[in-house]
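Visitor: Pasting a structure here, questions to come.
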């Protein structure tokens, strides 16, 4: 049963990857630099992608910090409930960042394309 669930999860990840590969988001204009040597839209895109990436990194580090503190809490109920709240909040932020990324990609492709 466990292997079947892993296989289903793996296949769904591959399917999502193939769908994402087929979508053009307009980010091919981004050269990765934050300088103003390019056009305004490529500079704005680079700043937005870097900002969202930085916020996502902070959320993932916050999530890992919460798990580390749960593991070192000695299973004290007050500490564990506090760090569970931290983990849940960081997961909510990760989902919000993902959704904001989708909205920004959609807006960039419709407005700037």
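The values are calculated or read from the model by the stated rules, or taken from the named source; none is laboratory data. Computed from a predicted structure; not experimentally measured. A quick note on method: Cβ atoms are made from the backbone with ideal geometry, for glycine too, and the neighbour counts reach across all protein chains shown.
Visitor: Considering 47, 65, 10, 75, which residue is surrounded by 10 or more Cβ atoms within 10 Å (Cβ to Cβ), more than 18 Å from the chain's Cα centre (by Cα) and at pLDDT 60 or above?
Guide: When all the criteria are applied, what remains is 10.
Visitor: Another question about this same structure. If residue 75 satisfies all but one of (1) at positive phi; (2) not in a loop (DSSP other than H, G, I, E, B), what's the number of the condition it fails?
Guide: (2)
Visitor: Inside the stretch 90-113, can you point out the residues that are surrounded by 14 or more Cβ atoms within 10 Å (Cβ to Cβ) and assigned to a helix (DSSP H, G or I)?
Guide: Selection gives 90, 91, 93, 94, 97, 100, 101, 104, 105, 108, 109.
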